[in-house]
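Asks: Attaching a single structure in structure tokens format; questions to follow.
What follows is calculated from the coordinates using simple rules that are stated; it is not laboratory data. Note that the structure is a prediction, hence the values are computed from the model and not measured. All Cβ positions, glycine included, derive from the backbone under ideal geometry; neighbour counts span all protein chains shown.
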Amino acid sequence: MNSTDELVVRLAVEKRLVDCEALAAVRERLAAAPPSGASPPLVETLIADGALGREAALELLGEALALPWLRAEDLLPEPAALAAVPRELALRAHALPLSVRGVVLRLAVADPLDPALESLGDAAQLAVEPVLAPAEAIRAALLRCYGPVATPGPAAAPAPDPVSADYGADSEAGDAPVARLVQHLVEEALRRRASDIHIEPQAQSLRLRMRIDGVLQEVDGPPKRLHAALISRLKLMARMALDEKRVPQDGRIQVLVARKAIDLRASCLPTVYGESMVLRVLEAERLSLDWSALGLWPDDEQRLARAIDAPDGLVLVTGPTGSGKTTTLYTCLHRLNRPDRKIITVEDPIEYRLAGINQVPVRTDTGLTFSTALRAILRQAPNVVMIGEIRDRETAEIAVNAAQTGHLVFSTLHTNDAAGAVARLIDLGVKPFLLAATLRAVVAQRLVRRVCRDCQHPYQPAPAELRGFVLPAEALSEADWRRGAGCPECHGSGYRGRMGVYELLVADEELRRLIYGNVTAAQLRAAARQAGMRTMREDGLRKTLAGLTTIVEIAAQTVGDSDQDTPQTEPLSYPQ
């Protein structure tokens, strides 16, 4: 069952149009069907059983896809619309042209997800705007307007679609080829543990890449001729404007894979060769909120735990896009989530739903920005507040004031290191004495790939790999250097999964005095290191010595420290 089918059924249950017992019986019957048999969609089965009226189902479909729907008596096509669409195309797509307004062709359809609508619009050189209508009413109107259609004989059976052959082996029967292609892309991304799907049109081809463990890898993609239909299908599923191809658009898609709901965050961008689409895969089961799974070294784990257990103050997580900041924040909130604490977040967008936490999405089109949402949140008497990102002076000042008035505030910044977060907030206009009084801790982080456990083996790095790292002789003698040989489990990369490398700055009395004095980030960093802070490179190095990642990964994801002293050495054992 596809996601639209499931949404229609959910709405039918909510509106009490379908009896729950009847729905359960139909589900059991479909689940008990022989595996070789093609199960019909659940909505069609409910209609066939008389549990749901066809017109009611159509109305629910329109509500699910935010599309208007028309009754049979409302199907009144204009002559200009009929003239704009060739008879064969209208009959093949089972779409009734209703009107033409500028460059927009309004079509009455029973299946708004049919990719044939895009080819119909291309043939008419018009943008398609679908509206819903009963299939029988559309068929009668087509016969009335275009005349009867001859029934094709056996010799006229259509040839197998190459897309169906390539992508339809494990998809639901009855789905259109492009719908099967979308399902296949999501299933392949989940199989490869990809975090992003990139669909990029080129001059003569359609490039398909997936980001796996933070690295883009090219995979076999569909032919270029399917680009328009594929993008249209995805835009419709994400509730984007089909006729708008000149500006970027964002949306959200939910699909079902192996009876699991998978969220996709969609971003569409016009390029010189057509629209590019990126799908961010948000699989809730991948999100581990286990405190120990963050990858913090035990001493840093204890220091951060003490900072977030404070009743008030400001805790910041910094790093570039894709460095795992959201996971760190969600894990901290999960640790604090108890019945006696009220937690509210304001995010843009909300990536994962967290049970027991009030999550507020930013909506700039309605004026709900970070700052306006934060003001309203503080009137809700929360104990803990999370701000997705501090972007401007207003939000920064409200966050610091909230931390000063008895709230524990979490947020993120885009800075290169922990000390840079202090300088960034002061640059935004936060007064140093307020920041010194409220700051609890700053976590700077990057993600590095883990050595694959299935194909890992000991090795000795070449001297060139160790250039730029300061390693005491005793650390070298105890090092457990590891790397992956490449196997089917890691798709030949030698890596499987990622872990964080961290730089934890905890504000003590000396650091508060320096912040109050508005010293430079370099001075603050030097003082923090003297107090025991280790840099991300040093944290990554000790995880490399423990055999968890490679020196190549640490060199690629972290920068050398000009003020680096000889790293402190600890036991190389690390919780696996």
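Asks: Once phi is turned into ³J(HN,Hα) by the Karplus curve 6.51 cos²θ - 1.76 cosθ + 1.60 with θ = phi - 60°, what whole-Hz value does each residue of the range 453-469 show in order, with x for glycine and proline?
Replies: For the range 453-469, the Karplus-derived couplings read 6, 7, 10, 5, 7, x, 7, 10, x, 6, x, 5, 5, 8, 5, x, 10 Hz, x marking Gly and Pro.
Asks: What is the gain in length, in nm to one decimal, between His414 and Asp392 on full extension, counting 0.36 nm per residue of separation less the C-alpha to C-alpha distance?
Replies: Once the chain is fully extended between His414 and Asp392, it gains 6.7 nm.
Asks: Restricting to DSSP loop positions (anything but H, G, I, E, B) with no more than 12 other Cβ atoms inside 10 Å of their own Cβ, which trypsin sites (Lys or Arg not before Pro) remain in the range 431-508?
Replies: Taking the range 431-508 and a limit of 12 other Cβ atoms within 10 Å, the loop trypsin sites (Lys or Arg not before Pro) found are Arg467.
Asks: Give me the one-decimal nm value for the distance between modelled label points at Glu489 and Asp312, 7 Å along each residue's Cα-to-Cβ direction.
Replies: 5.0
Asks: Please list, or write none, the lysines whose alpha carbon is within less than 30 Å of the alpha carbon of Lys543, excluding same-chain residues fewer than 8 places away.
Replies: List returned: Lys325.
Asks: Evaluate E = 1/(1 + (r/R0)^6) for Ala80 and Arg252, where r is the Cβ-Cβ distance and R0 equals 35 Å; express this FRET efficiency to the nearest 0.05.
Replies: With R0 = 35 Å, the Cβ-Cβ based efficiency is 0.45.
Asks: Pop a pseudo-label 7 angstrom from the Cα along the beta-carbon direction at both Ala140 and Val219 and give the gap in nm to one decimal.
Replies: My value for the distance between the label points is 4.6 nm.
Asks: Still on this structure, please answer the following. Can you list the lysines whose alpha carbon is less than 18 Å from that of Lys224, not counting same-chain residues fewer than 8 positions off?
Replies: Candidates past the 8-residue exclusion: Lys235, Lys245.
Asks: Using label points projected 7 Å from each Cα along Cα→Cβ, tell me how many nm separate Ala203 and Arg27, to one decimal.
Replies: It works out to 5.3 nm between the two label points.
Asks: Right, something else. Would you mind checking the range 545-560 for residues with the amide N under 12 Å from a putative spin-label position 7 Å along Cα→C-beta of Arg453?
Replies: none
Asks: In whole Hz and in residue order, list the ³J(HN,Hα) couplings for the range 502-507 that follow from phi through the Karplus curve 6.51 cos²θ - 1.76 cosθ + 1.60, θ = phi - 60°; x for Gly and Pro.
Replies: For the range 502-507, the Karplus-derived couplings read 10, 9, 10, 9, 10, 6 Hz, x marking Gly and Pro.
Asks: Could you list which residues have their amide H under 5 Å from that of Asp196, counting only those 5 or more apart in sequence or on another chain, with H placed in the peptide plane?
Replies: Residues meeting the criterion, in which the H sits 1.01 Å from N, are Arg211, Val281.
Asks: Sticking with this structure for a sec: What net charge do the residues around Ala437 carry, taking every other residue with its C-beta under 11 Å from that of Ala437, with Lys and Arg at +1 and Asp and Glu at -1?
Replies: That works out to +2.
Asks: Hey, can you grab everything whose amide H is under 5 Å from the amide H of Leu368? Only 5+ residues off in sequence or another chain; H modelled, so Pro and N-termini drop out.
Replies: Arg363
Asks: Show the residues, 5+ positions off or on another chain, whose built amide H is closer than 5 Å to the amide H of Leu439.
Replies: Close amide H contacts, sequence-distant or interchain: Leu314.
Asks: Let me ask something additional. Which whole-Hz couplings ³J(HN,Hα) result when phi for each residue of the range 356-361 is put into the Karplus expression 6.51 cos²θ - 1.76 cosθ + 1.60, θ = phi - 60°, listed in order with x for Gly and Pro?
Replies: For the range 356-361, the Karplus curve yields x, 10, 7, 10, 10, x Hz.
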